[in-house]
Amino acid sequence: MQSNNRIFNLLVLAFSALTLWLAGRPQAPAAAVSTAPAAVTDRQAAAAAGCDSSRTVQVSGAAVVNITPDRALIQLGVQSNGATPDGVRSENAQAVQSVIRAVRGLGVDAKDIATDYFLVYPVYVDYDALTIRGYRIDNTVSITLRDIRLAEQVLVAAIKAGANEVQGIEFYTSELRKFRDQARQMAVQAASEKAQALAGAAGAEAGCVLSISENTWSQYYGSWRGGRATALWAQNVIQNASSSQPAGELSDDSPISLGQIAVRAEVNASFTLK
């Protein structure tokens with residue numbers, strides 16, 4: 001009887017020890033076991049879709065939209081000379097007001113006429129002398145034309161009214177955003193076609209787009225002297241496409257030719273190879 005009790009107690013102790021040992025063993029993380037097959041599946045799916053970024057082709061694409069301008073910026077100079085600062089200021093102010101009245105008389109709004117540059121400086125007897133002979137004012141008036149057919153008339157009227165310098169005339173478009181977006185779309189298409197051509201020549205095929213970046217340029221069309229940037233457009237200016245935008249025709253004997261302006265876009269892109 002005692003022998004049976006002893007055996008029973010030993011079995012109970014052995015079972016308890018086994019239970020404690022199993023409870024203390026480190027368990028394998030369930031997440032590691034369950035996510036590994038999913039990761040393999042994702043890689044396989046990416047490779048099947050042609051998105052393996054270990055093999056790429058990098059290209060650039062450019063496009064140009066040629067359009068007829070519908071805006072013009074004319075910059076006129078009124079230079080005056082006088083013996084005294086007050087005298088030259090008065091003379092210059094009268095000449096500038098005369099120019100503005102002449103331009104306004106052609107239907108140009110006051111908001112489209114602005115001073116772009118104004119400088120008063122002494123005129124010396126000669127280069128090395130400090131003796132002041134008189135004073136000079138350089139005054140630049142910028143005129144924005146929303147009807148470019150008025151360009152020649154504005155120039156003639158302003159010169160008759162007292163403007164003695166024509167510093168420049170620039171043409172641009174009021175729909176720059178629309179044409180720039182069109183040029184960007186064509187540039188991306190050109191890059192995609194180039195990627196397919198390069199990949200095909202190498203016996204491969206272009207797949208997913210990995211990256212796209214745009215190259216940008218800006219150009220200043222204001223006065224060469226400096227001044228404020230009255231010409232506020234900074235145009236990306238070349239895949240050739242002509243605009244159906246109607247032209248603001250000038251007279252046949254006009255010395256001004258509108259032509260077309262170019263809105264340019266250029267992109268760099270990276271594609272996978274499959």
Listed by chain and number, the residues whose amide H is under 5 Å from that of residue 166, excluding neighbours fewer than 5 places away on the same chain and using placed H, are 77
Residues other than residue 158 with Cβ under 13 Å of its Cβ, Lys/Arg counted +1 and Asp/Glu -1, net out at +1
Please compute the modelled spin-label separation between residue 79 and residue 112, points set 7 Å along Cα→Cβ, answer in nm with one decimal. 2.8 nm
Where labels lie 7 Å past Cα in the beta-carbon direction, separation of residue 160 and residue 124 in nm: 4.2 nm
Prolate/oblate/rounded label for region 71-172 (Cα gyration tensor, a/c 1.5): prolate
From the backbone phi of region 102-119, what are the Karplus-calculated ³J(HN,Hα) couplings (6.51 cos²θ - 1.76 cosθ + 1.60, θ = phi - 60°) in whole Hz, Gly and Pro given as x? 5, 6, 4, x, 8, x, 7, 5, 4, 5, 9, 10, 8, 6, 9, 7, 9, 9
How do 116-127, 75-86, 196-207 rank on mean C-beta neighbours within 10 Å, highest first? 75-86, 196-207, 116-127
Using mean Cβ contacts within 10 Å as the protection proxy, how do 107-113, 182-188, 160-166 order, highest first? 182-188, 160-166, 107-113
Please list, in order, the residues from region 157-200 whose amide nitrogen is less than 19 Å from a point placed 7 Å along the Cα→Cβ vector of residue 216. 173-188
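Here, each number is a calculation from the coordinates, and none is a lab measurement. Only a predicted model underlies this, so the values are computations on that prediction, with no experimental measurement involved. Every residue, glycine among them, receives a Cβ derived from its backbone with ideal geometry; neighbour counts consider all protein chains shown.
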